[in-house]
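**Q** Can you read through this structure? Questions will come right after.
The values are calculated or read from the model by the stated rules, or taken from the named source; none is laboratory data. Everything quoted here is computed from the prediction, not taken from an experiment. Methodologically, a virtual Cβ is constructed for each residue, glycine included, from the backbone with ideal geometry; neighbour enumeration extends over all protein chains shown. For the accessible areas, the whole protein counts, side chains as well, though only heavy atoms, and no ligand, DNA or RNA atoms are used. Shrake-Rupley method; radii C 1.70, N 1.55, O 1.52, S 1.80 Å.
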Amino acid sequence: MRSIAERGAELRERVRASDVVAISQMISALEGRTELGLSLRKDLYTMGGTAHVIGVTGAPGCGKSTLVAALTKVLRQRGLTVGIIAVDPSSSLTGGAILGDRIRMQEHTLDRGAYMRSMSSRGSLGGVSRATVDAVAVLDAAGWDVVIVETVGVGQADVDIVRIAHTTIVVSAPGLGDDIQAIKAGLLEVADLHVVNKADRPDADKAIAELLGMLTLGGGFGDGWDIPVIGTSSVTGQGVQELADQLTAHRAWLRDGGELGRRSRAAAVARIRALAYELLMERLDDPTKGDGFDAVVDAVTERRLDPHTAAADLIDRVAATT
Ligand SMILES: Nc1nc2c(ncn2[C@@H]2O[C@H](COP(=O)(O)OP(=O)(O)OP(=O)(O)O)[C@@H](O)[C@H]2O)c(=O)[nH]1
Ligand SMILES: [Mg+2]
C-alpha cells in the first residue's frame, strides 16, 4: 500500500500534465475531505494562477448552461481549453437540469480540452463554496486556460464565486417576471458583463433597454471599464462571438489597469477569512463536547454566567490549544 504522500505526489504530477481522470480524482478527494484531499490542499494553491476564472450567474432558467455550452464551443475554436463547474444545478426550478447540462455538454465530452463537473450543495452547510473554490484551483493547476463557474444567482455560493472570479457575467432573459427582476437588481453591481440571453425572443429588445436603464440609474462606474450589455441567443448563436471578445477585453483591462492585483488581494482576504472561520468552527466544536462545557452551559442557563463571557472564554480556550 503506497503512502498518502506518494499517492498525492503522483496525483499532482498527473494533474499538472492535464490528465482529466486525475483532475476528477483530485476534485473528489478535496470535496470528500479525505486524508488524501486534505494533504493536497496546500500544494495545490501554489500550482495555479494562470487561468481566467469566469463566474456566470443569473436567475434560474435564464439559459446559463446553454450559453456556457455555446461559449465553450467558441472558446475551443479559438484554441483555449475550458473547464466548467456547475454549482448546485439540483436547486433548479426547471428540474432535470443536470441531465440537460450533460446532454448540452455532450458534444464536448470527447474533447479533451473541455472538462465539466457538477457540484451540489445538498447536505453540505456552506461546503459548496469551498468545494467549488478547490475545483477551480485544480483546473487552474492543470493549466486550463479558462475556468467557468455557473451558479444559480440566489445564494451564498454566488457571493463567494464572485470573489474568486476575475470576470463575472450576469445573465438575464426577457419575460422571467418580477422575482427575477429583484434577483437581477441584487446582482447588478457584481457584473463585469451583462448578457441578455434568449435574444431571439421578440421581447428581448425591451429587456436590453430596461437593463441599460437600470445601469444608467446605478451611476457611472468610472473605473475605465464600461460594462457591456450583450444580447445573445444560444438558438441562433447571436452575440456569442462578441461575448468571447469582451471576455478577452476584460481580462486585458484587468491586467493592464492594476485591477487584477486588487481583485486577487480581495480574493485572498476573503479566502483566508473563510478558512479561518471554518477552522474556528471546527475547533469550537471540540470543547463543546467536553464535560467542562456542560458546566458552562449550566451556569449560563441559570444566569450565573453571561453568554458573552462564556463565548469569549471558549474562543480563548481554542486559541490556547492551537
Ligand atoms: N429561445 C431561447 N431559449 C433558450 C436560450 N437559451 C436557453 N434557452 C432555453 O431556456 C431553458 C433553460 O436553459 P438552461 O440553459 O438550462 O438555463 P439555466 O439558466 O442554466 O437554468 P438553471 O441552471 O436551471 O438555473 C431551456 O429550455 C433552454 O433550451 C436562447 O438563447 N433562446
Ligand atoms: Mg444551468
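**Q** Can you give me the accessible area per residue for the range 183-322, using a 1.4 Å probe, in Å²?
**A** Per residue, the range 183-322 has 62 Å² of solvent-accessible surface.
**Q** If you count, for each residue, the other Cβ atoms within 10 Å and average over each peptide, how do 241-248, 291-298, 257-264 line up from highest to lowest?
**A** So the peptides 241-248, 291-298, 257-264, ranked by packing, come out 241-248, 257-264, 291-298.
**Q** Oh, and also: How much length is gained on full extension from VAL235 to SER28, taking 0.36 nm per residue of separation minus their Cα-Cα distance?
**A** 71.1 nm
**Q** May I ask for the Rg/Rh ratio of the range 185-322, computed from Cα atoms with Rh as the Kirkwood radius, given to two decimals?
**A** Value, to two decimals: 1.27.
**Q** Can I ask one more? Highest mean first, what order results for 68-79, 271-282, 51-62 on Cβ atoms within 10 Å?
**A** Those peptides, ordered most packed to least, come out 51-62, 68-79, 271-282.
**Q** Run the quick spin-label model on GLU13 and LEU275: label points 7 Å from Cα toward the beta carbon, then report their separation in nm to one decimal.
**A** 2.6 nm
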